[in-house]
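Heads up, the thing below is written out as structure tokens.
All of the numbers you see were taken from the coordinates with simple rules; none came from a lab. The shown structure was predicted, so the numbers you read here are calculated from the model rather than taken from an experiment. Cβ atoms come from the backbone with ideal geometry, glycine included; neighbour counts cover every protein chain shown.
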Amino acid sequence: MDSVQKALETQVKNIQAKTGKSLAELAALAKASGLSKHGEIRDMFKTKLGLGHGDANTLTHAVLKPGGEPEAEGGDVLAEIYAGPKAGLRPIHEKLMAELQGWGEFEVAPKKGYVSLRRKKQFAMVGPATKTQVEVGLNIKDLAGGGRLVALAPGGMCQYKVRLSSVAEVDAELMGWVRAAFEAAG
């Protein structure tokens, strides 16, 4: 099981502990609400259970899947993202995700070509930039850019990016920048 799937499972377990309800009970709550759209159910969980956006969103994905099990979309999406010539980049992604564990709650939102990491807002995005590099986009202002921390043009989701070619580049310097973005998003 990859670290994205582990993170999703841990998040669902934490939600169950916070709410004091099993996943089946939470699914029944969603069904009893009469709501059917993802956003409506997510907002209902935020209001009724006092969950943050990330937890409510993950819970909605979990209860909308038949059987009430968390969706395995992270694993499937990562397999697509890191397919073919990009397969060798996946260990870089996995190392970065492993370093994030234990920092606190955040949402892992797999997209088509990357993975979005969110607290109250997106703090980072991770995905292959080329066949030989993973790009980490950081949503934070006022870092001292330079060297491998590249400032991006204003107006985008991320203000900085870092390109990684090896697992060794998931180091204290990178994780310091990611931590700053993580804390600013929370």
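The number of residues in the stretch 138-169 that are under 17 Å from the mean Cα position of the chain (by Cα) and in a loop (DSSP other than H, G, I, E, B) comes to 4. Restricting attention to the stretch 171-186 and to residues that are within 15 Å of the chain's Cα centre (by Cα) and in a helix (DSSP H, G or I), the residue that is surrounded by the fewest Cβ atoms within 10 Å (Cβ to Cβ) turns out to be GLU183.
Evaluated against (1) more than 30 Å from ILE15 (Cα to Cα); (2) assigned to a strand (DSSP E or B); (3) not charged (D, E, K, R), ALA109 falls short on exactly one condition, (1).
I need the full set of residues from the stretch 14-52 which are closer than 18 Å to ARG119 by Cα and either loosely packed, with under 12 Cβ neighbours inside 10 Å or small (Gly, Ala, Ser) (or both), in order please. Can you show your working first?
Initially, the stretch 14-52 is screened for residues closer than 18 Å to ARG119 by Cα, giving 14-15, 18, 39, 42-43, 45-47, 49-52.
Listed by number, the residues that qualify are GLY39, THR47, GLY50, GLY52.
Remark: ALA168 falls outside the filter, which requires a residue to be surrounded by 13 or more Cβ atoms within 10 Å (Cβ to Cβ) and more than 30 Å from LYS13 (Cα to Cα).
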